[in-house]
Amino acid sequence: MLYVSLFVGVLAGILAQLFLHLHPHFWWEKIPVFSAIYGFIGCIVIIIASKALGHYWLQKEEDYYEKH
Amino acid sequence: MVIEWFHPGLIYIFGAFLIPVLKGKRRLKQAYLLLLPVIAFINLLLMSKGVLLSEGKTWFLSFLGYELTLGRIDRLSMVFAYVFVIASFCMILYAIHIKENWQHVAAFLYVGSTLGVVFAGDLFTLFFFWEIMAWASLFLIWYRKTKAAYGAGFRYIMVHSFGGVCLLAGVLIHLQNGGSIAFDSFTWGIGSEYLGAYLIFLAFIINAAVPPLGAWLADAYPEASVTGAVFLTAFTTKSAIYVLIRGFPGVEVLIWLGAIMAVYGVIFAVLENDIRRLLAYHIISQVGYMVCGVGMGVFGTAAGEMAINGSAAHAFCHILYKAVLFMGMGAIIEVTGRSKLTELGGIYKYMPITFWLYMIGAFSISGFPLFNGFVSKTMIVTASGMWNYAFIWLMLEGASIGTFLHTGLKLPWGAWFARKEPVCEAREPPKNMLAAMGITAFLCTLLGVYPKILYDILPYPVDYVPYAAGHVVAMSQLLLFTFVAFWLLRGMLHGTPTISLDTDWFYRIPGKWLIRFCEGPLMAFANYIDRNVMKMAGFFVWVSKNPFAALRIKGREVRLKVEKPVATSERAAEYDRDLEAVKKRQPAEEPMVRLNIGTAMLLVLLFIALYLIAMLIHGWLIR
């Protein structure tokens, strides 16, 4: 199910790129399946960067404000 | 007399005070609660059909020589009024089982005052309703009746009082500098003559929860009562968007603040363990899109009108889907009493209806095609493309990824699935809660499928086709592959029993330091001063009982003290004994010296002469 929808998503992207007249505002929107790549990489970056930020700086034990 | 117009906000505000009267009559009260938003909605429809005033200004009131305008009706105020009234109906339905009448009163005052802000045509009226809004909403937080809620409520009202003072000061300075009392867009520039506008701007972005001033939102909303939080999600931040559109369209700094805000909310949501705090960070993120849109909303340009339409439309849609999301998470808290991801999981089989209604909200906020987030968020993103803001475009699209990741994937997965065995018993929430979620979710889908209803009431004519193939394909790919990345990394996304520091640290921790400083060193200093002043007062009383004797006693004491160090050691003991004796002497017990009248007159004359000399010298000096 997941693989089918992934395949359909990518295929639709490439087809739309080839056959439809799209109106991109930026050069990267002309890259085939740019959104898929951005979604995948963006998601990984958000998770890892936020987790790192939390781990090294922002996350504290739950009674932090009671203790300090 | 024919009523030309009736203020929809006053239906709520006056209506609120009848609620406590209906005590004991449960059904009647519930019917009444639902009736008020219906009347307000009919009122709005009559306005739009031109039966009541549909455009223009009305309800003037003179105050301190200014003419106040309680009713300023145009397309912008109408679109916000519509969504506030519609959302309030769903929210009241969600809260209708609540027995505490005063919680309903607070909610009604909150909705009514927000409508007051929306229709305010001048700055004093704006300030008046702005303050009611802050105080009424406070009680929705306090009605949770927990220690955390009391603390968060105090911090909430302190931030909003600060914002209110900024607004008032800004308005007064604006008037002092020759500005008009009318609430229109402010002239913006760099320089001290814009101080009034800056302060008003500051007040607005505090309410819009723009970082670093927005920590109050994620601090307070998750601590509010289950039903109160649903109200809170809609009114304060979205009325702030309204006043920003009104007062500061096209102010460039808002573009960057908004885009940063959109990403900021997403980052904090990753770290969050509390289910409603996670959603609260997504309010900040979504309001970021709207703030960004206001910044791009330069008058008279196609891209600017697209941006303003986008902000208004997104506020409209956001209120609906965010209500569904908060209702869904509120339902979990209502039936399980738990609000942390680390304490939830596996309860899907007990509450599938709640789950699916929640997911409609989640698809909407993520901007799935056929849901309302898609038809509004993409307008703002498109506007950033029309302005050629490449980096802003990337930030906004990136925030979309994070939005789906958290509200669409991590949160429902962690709350309802994530474990094989349910962590606790659960059930579907009361019927009225489900019905409220159902209606709101239906509206989310309706606007997604048939956006024309929304586009027709936006401030500017809409020249935008959301369901162009390019948009649909791009958005679907983005979300699909976000899901893939989530599934690969889902092990990292379990909740952790932690809290995250936000900018509220700056008043929570140094605030404690300040209190400790006041209680410790400052109190000690105050006590020291107090003690010595009392001692001095005692001394004056002691002297004034018999000044001559007091002088004699003090003179004797000084003489003994001066002579003592030069005396021989055997005499020293004698001096000590004498000093002891002197200190015990009380002037009141000494014989009184009475002056005859001549001496008294002499003293008076002497005093007057001294005074005269002082005056002469003073006169001579200043010449």
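Of note:
- Wholly enclosed helices (runs of 4 or more DSSP H) of segment B:352-420 bearing at least 1 residues over 22 Å from B:Arg490 (Cα atoms): B:352-366, B:372-386, B:390-403
- Selection status of B:Trp216, in contact with a Cys (Cβ under 9 Å, 6 or more places away or on another chain) and either surrounded by fewer than 24 Cβ atoms within 10 Å (Cβ to Cβ) or more than 30 Å from B:Pro461 (Cα to Cα) (or both): no
- Any chance B:Ser376 is among the polar types (S, T, N, Q), within 9 Å of another protein chain (Cβ to nearest Cβ) and within 16 Å of B:Gly310 (Cα to Cα): no
- For segment B:476-490, filtered to residues that are more than 7 Å from chain A (Cβ to nearest Cβ) and under 36 Å from the mean Cα position of the chain (by Cα), the residue that is modelled with the highest pLDDT is B:Phe483.
- For segment A:16-28, the condition holds for at least one residue, the condition being that it is farther than 18 Å from B:Phe483 by Cβ and among the small types (Gly, Ala, Ser).
- Here B:Asp502 does not fit the description of being acidic (Asp, Glu), modelled with pLDDT of 90 or more, over 30 Å from B:Ile275 (Cβ atoms) and out of contact with any Lys or Arg (no Cβ under 8 Å at 6 or more places or on another chain).
- Flag if B:Ile308 is among the aliphatic types (A, V, I, L, M), buried (at least 24 other Cβ atoms within 10 Å of the Cβ) and either closer than 22 Å to B:Ala81 by Cα or without any contact (Cβ under 8 Å) to a residue 60 or more places away in the chain (or both): yes
- Condition check for B:Pro249 on (1) assigned to a helix (DSSP H, G or I); (2) closer than 24 Å to B:Phe80 by Cα; (3) touching a residue at least 60 places away in the same chain (Cβ under 8 Å): one failure, at (1).
- Residue in segment B:530-552 that is touching a Phe, Trp or Tyr at 6+ places or on another chain (Cβ under 8 Å), more than 30 Å from B:Leu405 (Cα to Cα) and either surrounded by 11 or more Cβ atoms within 10 Å (Cβ to Cβ) or more than 14 Å from every other protein chain (Cβ to nearest Cβ) (or both) present: yes
- Condition met for B:Ser113 (touching a residue at least 60 places away in the same chain (Cβ under 8 Å) and farther than 27 Å from B:Tyr455 by Cα): no
Condition check ((1) assigned to a helix (DSSP H, G or I); (2) surrounded by fewer than 10 Cβ atoms within 10 Å (Cβ to Cβ); (3) within 60 Å of the chain's Cα centre (by Cα)) across all residues:
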{"residue": "B:Glu519", "(1), (2), (3)": "yes, no, yes"}
{"residue": "B:Asn527", "(1), (2), (3)": "yes, no, yes"}
{"residue": "B:Gly555", "(1), (2), (3)": "yes, no, no"}
{"residue": "B:Arg594", "(1), (2), (3)": "no, yes, no"}
{"residue": "B:Gly598", "(1), (2), (3)": "yes, yes, no"}
{"residue": "B:Leu602", "(1), (2), (3)": "yes, no, no"}
{"residue": "B:Leu610", "(1), (2), (3)": "yes, no, no"}
{"residue": "B:His618", "(1), (2), (3)": "yes, no, yes"}
{"residue": "B:Leu621", "(1), (2), (3)": "yes, yes, yes"}
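- Residue list for segment B:148-183, filter: surrounded by 13 or more Cβ atoms within 10 Å (Cβ to Cβ) and assigned to a loop (DSSP other than H, G, I, E, B): B:Asn177, B:Gly179, B:Ile181, B:Phe183
- Pairs are defined by a Cβ separation below 6 Å, a sequence spacing of at least 6 or placement on different chains, a first member in segment B:577-606 that is more than 13 Å from B:Phe548 (Cβ to Cβ), and a second member that is among the charged types (D, E, K, R) and surrounded by 11 or more Cβ atoms within 10 Å (Cβ to Cβ); the pairs so defined are B:Val582/B:Arg556; B:Val582/B:Glu557.
- Search result, residues across segment B:131-186 that are small (Gly, Ala, Ser), closer than 22 Å to B:Ala280 by Cβ and in contact with a Gly (Cβ under 9 Å, 6 or more places away or on another chain): B:Ala134, B:Ala136, B:Ser137
- Taking the listed residues B:Ala209, B:Ala152, the one that is small (Gly, Ala, Ser), touching a residue at least 60 places away in the same chain (Cβ under 8 Å) and closer than 19 Å to B:Ile241 by Cβ is B:Ala209, with no other qualifying.
Per-residue answers, yes or no, for (1) closer than 30 Å to A:Trp28 by Cα; (2) assigned to a helix (DSSP H, G or I):
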| position | (1), (2) |
| --- | --- |
| B:Asn432 | no, yes |
| B:Leu443 | no, yes |
| B:Gly448 | yes, yes |
| B:Ile457 | no, no |
| B:Val465 | yes, no |
| B:Leu478 | yes, yes |
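- When residues in segment B:491-528 are screened for being of a type in the set (S, T, N, Q) and more than 10 Å from chain A (Cβ to nearest Cβ), 2 of them pass.
- Residue tally, condition part of a loop (DSSP other than H, G, I, E, B) and either modelled with pLDDT of 75 or more or more than 8 Å from chain B (Cβ to nearest Cβ) (or both), over segment A:6-22: 1
- Whichever residue in segment B:184-199 is within 23 Å of the chain's Cα centre (by Cα) and in contact (Cβ under 8 Å) with a residue 60 or more places away in the chain and, among such residues, is surrounded by the most Cβ atoms within 10 Å (Cβ to Cβ): B:Phe186
- Residue match in segment B:153-176 (condition: hydroxyl-bearing (Ser, Thr, Tyr) and closer than 19 Å to B:Leu61 by Cβ): no
- The residue that is farthest from B:Trp216 (Cα to Cα), among those in segment B:279-292 that are touching a His at 6+ places or on another chain (Cβ under 7 Å) and not aromatic (Phe, Trp, Tyr), is B:Met290.
- The residues in segment B:447-463 that are over 26 Å from B:Arg246 (Cα atoms) and in contact (Cβ under 8 Å) with a residue 24 or more places away in the chain can be counted, and the count is 2.
- Residue list for segment A:23-68, filter: more than 7 Å from chain B (Cβ to nearest Cβ) and basic (Lys, Arg): A:Lys30, A:Lys67
- Per-region count, segment B:29-72, residues over 27 Å from B:Ile19 (Cα atoms), touching a Gly at 6+ places or on another chain (Cβ under 9 Å) and outside any strand (DSSP E or B): 1
- Filter pass, B:Ala259 being in contact (Cβ under 8 Å) with a residue 60 or more places away in the chain and touching a Cys at 6+ places or on another chain (Cβ under 7 Å): yes
The values are calculated or read from the model by the stated rules, or taken from the named source; none is laboratory data. Since the model is a prediction, treat every value here as computed from it, not as a measurement. Glycine also receives a Cβ, built like all others from the backbone with ideal geometry; neighbour counts cover every protein chain displayed.
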